[in-house]
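Next up is a structure, given as structure tokens.
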Amino acid sequence: MPIPANQERHEPTARDRSVPSSPGLFASLAGLPALLFALITWQVVVDGPLVAADERLSRALIDPGRGSELLADLGNIQVAVPVLAVVLGHVALRTRHTARWWRPVAAAAVPMALVPALVIPLKDLTDRPGTPAVPPGTGYYPSGHTATAAVAYGGATLLLLPLLRTALARLALLTGCAALVLGTSFGLVRRGYHWPLDVVASWCLCAVLLSALWLFLRRTTTPAPSR
């Protein structure tokens with residue numbers, strides 16, 4: 001019996017077969033950062049050889065100054081979170097006439113809310129002391145400032161990318177985001193606020209969060225027509 005037109009089977013094309021499913025794509029994006037984060041955390045907890053190398057590298061890089069302090073301040077909640085909030089508002093206004101416009105905006109706020117929920121328990125668990133450049137204390141791993149900067153600037157970038165129509169504009173946005181995150185990270189290490197591994201671990205943690213956000217936005221956001 002012939003199959004009705006509205007029930008015809010869709011045969012997957014070569015392109016369909018070449019695109020991984022969302023779980024598979026997430027695993028490929030977040031798997032390595034997650035493993036690296038687990039390795040670094042284990043080394044910090046057991047005071048392994050990576051920690052010794054990390055401390056030597058920190059001693060070579062520390063040079064407190066006004067410039068490094070200003071860069072580190074880019075990871076302050078008072079600086080990074082308002083940037084994300086402005087972008088959330090802008091995107092909400094730009095897309096308010098589309099169906100379910102609120103979903104990408106709400107999704108981009110979730111990783112920012114997860115940062116303290118993940119970072120604070122990890123600080124308590126690892127109880128890592130700070131560098132000689134900061135007052136005696138513990139709770140420096142992973143870097144909350146790095147995580148705040150990466151998720152705030154990264155989330156804002158992922159939200160804005162579909163609204164940009166030219167490849168040059170998208171490249172400029174990605175470059176600016178990378179400069180902000182790397183500048184914050186360098187400032188934290190240079191000023192001595194954090195060990196290098198504190199910063200790298202936060203990169204890994206945020207790579208997982210932003211991968212999940214990117215996959216969600218990829219499914220729910222319609223890109224602007226390219227020029």
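The values are calculated or read from the model by the stated rules, or taken from the named source; none is laboratory data. This is a predicted model, so every value here is computed, not measured. Virtual Cβ from ideal backbone geometry, glycine too; neighbours counted across all protein chains shown. What goes into the accessible areas is simple: the full protein's heavy atoms, side chains included, and nothing from ligands, DNA or RNA. Shrake-Rupley method; radii C 1.70, N 1.55, O 1.52, S 1.80 Å.
Taking every Cα atom in region 67-191, find the radius of gyration and the maximum pairwise distance Dmax, and write them in Å.
16.4, 54
Put +1 on the Cβ of each Lys and Arg and -1 on the Cβ of each Asp and Glu in the chain; which of Leu160, Pro111, Phe37 then has its Cα farthest toward the positive end of the dipole?
Result: Leu160.
Looking at the chain as a GNM with Cα springs under 10 Å, which of Ala169, Ala212, Ala156 has the largest mean-square fluctuation?
Looking only at Ala169, Ala212, Ala156, the largest GNM fluctuation is found for Ala169.
Report the full-extension gain for the segment Leu50 to Ala92: residue separation times 0.36 nm, less the Cα-Cα distance, to one decimal in nm.
Between Leu50 and Ala92, full extension yields 10.7 nm more.
To continue, here is another question. Which value, in Å² and to the nearest 10, is the accessible area of Trp102 when all protein chains are kept and the probe is 1.4 Å?
Probe radius 1.4 Å; accessible area of Trp102 about 140 Å².
Ignoring everything except DSSP H segments at least 4 long, calculate the 222 nm mean residue ellipticity for the chain; use -39,500 (n - 2.57) per segment, divide by total residues, nearest 500.
When only DSSP H runs of four or more count, the value is -24000 deg cm²/dmol.
Also: Using a Gaussian network model of the chain with C-alpha springs under 10 Å, which one of His97, His145, His194 is most mobile by mean-square fluctuation?
Among His97, His145, His194, the largest GNM mean-square fluctuation belongs to His97.
In whole Hz and in residue order, list the ³J(HN,Hα) couplings for region 110-115 that follow from phi through the Karplus curve 6.51 cos²θ - 1.76 cosθ + 1.60, θ = phi - 60°; x for Gly and Pro.
My calculation for region 110-115 gives 5, x, 5, 5, 6, 4 Hz in order.
Using 14 Å as the cut-off for backbone N distance, which residues of region 122-150 belong to the label zone defined by a point 7 Å from the Cα of Arg59 along Cα→Cβ?
Flagged as within label range: 131-133.
Projecting each Cα onto the charge dipole of the chain (Lys/Arg +1, Asp/Glu -1 at the beta carbon, about the Cα centre), which of Leu122, Ala92, Tyr140 comes out farthest on the positive side?
With unit charges placed on the Cβ atoms, the residue in question is Ala92.
What part of the accessible area of region 27-96, given as a whole %, is carbon or sulfur when the probe is 1.4 angstrom?
The C+S portion of the solvent-accessible surface of region 27-96 is 69 percent.
Follow-up question, since we're still on this one. Using every pair of alpha-carbon atoms in region 66-119, split the distances into 5 Å bins beginning at 0 and state the percent of pairs per bin, rounded to integers.
Histogram of Cα-Cα distances, whole percents per bin: 4, 17, 20, 20, 15, 12, 7, 3, 1, 0.
Further question: How long are the semi-axes of the ellipsoid equivalent to the chain, from square roots of 5 times the Cα gyration tensor eigenvalues, in whole Å, largest first?
Semi-axes (√(5λ), whole Å): 38, 22, 15.
To continue, here is another question. With +1 on each Lys and Arg Cβ and -1 on each Asp and Glu Cβ, and nothing else charged, work out how big the dipole of the chain is about its Cα centre, in Debye to the nearest 20.
Dipole magnitude for the chain comes out near 940 debye.
Under a plain spin-label model, where a point goes 7 Å from the Cα along Cα-to-Cβ, how far apart in nm are Arg103 and Thr166?
3.1
Here's something else I'd like to know. Considering amide H positions built from the backbone, and no H for Pro or chain starts, which residues 5 or more places from Tyr140, or on another chain, come under 5 Å of its amide H?
Residues meeting the criterion, in which the H sits 1.01 Å from N, are Arg128.
Taking each pair of different alpha-carbon atoms in region 147-227 once, compute 1/r for the pair, average those values, and report the inverse of that mean as the Kirkwood hydrodynamic radius in Å to one decimal.
13.6
Take the chain, connect every pair of alpha-carbon atoms lying under 10 Å apart with a spring to form a Gaussian network, then pick out the residue of Pro82, Pro49, Pro196 with the largest mean-square fluctuation.
Pro49
Modelled label-to-label distance, Arg218 and Leu25, 7 Å Cα→beta-carbon offset: nm?
That separation, rounded to one decimal, is 0.3 nm.
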